[in-house]
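So the structure is just underneath, and the comments pick up after that.
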Amino acid sequence: MSAMNLPTVLIVDDERINRTALAELLKDECRVVLAKDGVSALQRVAEERISLILLDASMPDMDGYEVLRRLKSNEKTVNIGVIFVTGQIEEAHEERGLLLGAVDYIAKPVRPLLVKARVRNHLELARQREELERLSMQDALTGISNRRAFNQAFMRACGNTVRTGTPLGLAMIDVDYFKRFNDFYGHGAGDDVLRRVAQTLGKAAQRPYDMIARYGGEEFVLMLPSSIALQTVLDRLCEAVQALGIPHEQSEVSPMLTISCGGVVAGYDSAKRPEWLLERCDEILYQAKNTGRNRAIV
Ligand code: GH3
Ligand code: MG
Ligand code: MG
Ligand code: MG
């Protein structure tokens, strides 16, 4: 494994000698970063991807229990594994740490081989959890985001628009005459088309919060937070898909495969009704289909 692929473990302890001893012990298992108090630990976690935290319990200012409590109350950090490494070895302390959500509890003075073995096991669990999370958000055929990932991001984006009024562009995108394509060219060729269309659409959603996802079968959904340029983007998508030049003999609108899009730009009020926004997109998509296909209506 190259250094870049090594998981990062954060060691938090107010005593320098403890930090360096643990770091030395773990240097072959992972990339180690250090923090000397609770506040800088939380800051570090906000700044980079941490796979596991070794956390001292007794520290001045903010103790380990408070650090853990804060990690657990933030959705971005709730899943990071935390192992207490502490001299507080009474049963009640250990119970408290575990009840707060620590994955393990190691008593000081530490036994080096056991620390190493435990860290290795927890890193493997973290790796598996991250892999499952990635798979649960990804569409298996096309590799782009799936409907579950979209729903999560969409709910968050709607919440943001309700709070701030920033416009939210949303569109349903559907391949034209795709049933005929499958019937004529075969299901395997159809799958290839879905992959190519997904990649092409993906290029349109390039800002950090933009998203393209496979919504179902041959339907995709595009979300552009803080954009009113929806019509322009969708027109470009229609052109880009046609420009792939995928022959579709059975299409009634073009000798090449095309898509149709229906979109809305949501504001304060409409973002309070996410389901309704999706229904509106469907209705507008239906209009695009009924007025000739290979077009985007917003
Ligand atoms: P329209 O222009 O009105 O959208 O017509 P259409 O034929 O595209 O619409 P319809 O919804 O009737 O057909 C969708 C087809 O998409 C049906 C199904 O065979 C195909 N499809 C759905 N999911 C997949 C998939 O994963 N792979 C392949 N190859 N085809 C799929
Ligand atoms: Mg301490
Ligand atoms: Mg469809
Ligand atoms: Mg279709």
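Summary of values
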item	result
With Cα atoms, 0 to 90° folded angle of helix 274-290 axis to the chain main axis	30
Counting all C-alpha pairs of region 1-60, share separated by more than 20 Å (%)	21
D (Stokes-Einstein, µm²/s), Kirkwood Cα radius, the chain, 1.002 mPa s at 20 °C	96
Centre separation in Å (Cα based) which lies between region 12-34 and region 71-144	16
Beta bridge orientation in the chain: antiparallel %, DSSP, nearest 5	50
Geometric extent, Cα atoms of region 57-167 - Rg, Dmax (angstrom)	18.9, 56
Cβ-based exposure ranking for Val175, Val115, in which fewest neighbours within 10 Å come first	Val115, Val175
Computed FRET value (nearest 0.05) for Met256 with Tyr209, which takes r as the C-beta separation and R₀ as 51 Å	0.95
³J(HN,Hα) computed for each position of region 232-249 - Karplus, 6.51 cos²θ - 1.76 cosθ + 1.60, integer Hz, glycine/proline x	4, 4, 5, 4, 5, 5, 4, 5, 5, 5, 5, 5, 4, x, 7, x, 9, 4
Exposure proxy ranking, count of Cβ atoms within 10 Å, fewest first, for Thr77, Thr258	Thr77, Thr258
Arg195/Glu48 FRET efficiency (R0 41 Å; Cβ-Cβ; nearest 0.05)	0.80
Magnitude of the charge dipole, the chain, Cβ model with Lys/Arg +1 and Asp/Glu -1, debye to 20	320
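Any read-out appearing in this document is the output of simple, stated calculations on the displayed coordinates, not a laboratory observation. Since the model is a prediction, treat every value here as computed from it, not as a measurement. Ideal geometry is used to build each Cβ from the backbone, glycine not excepted, and the neighbour counts take in all protein chains shown.
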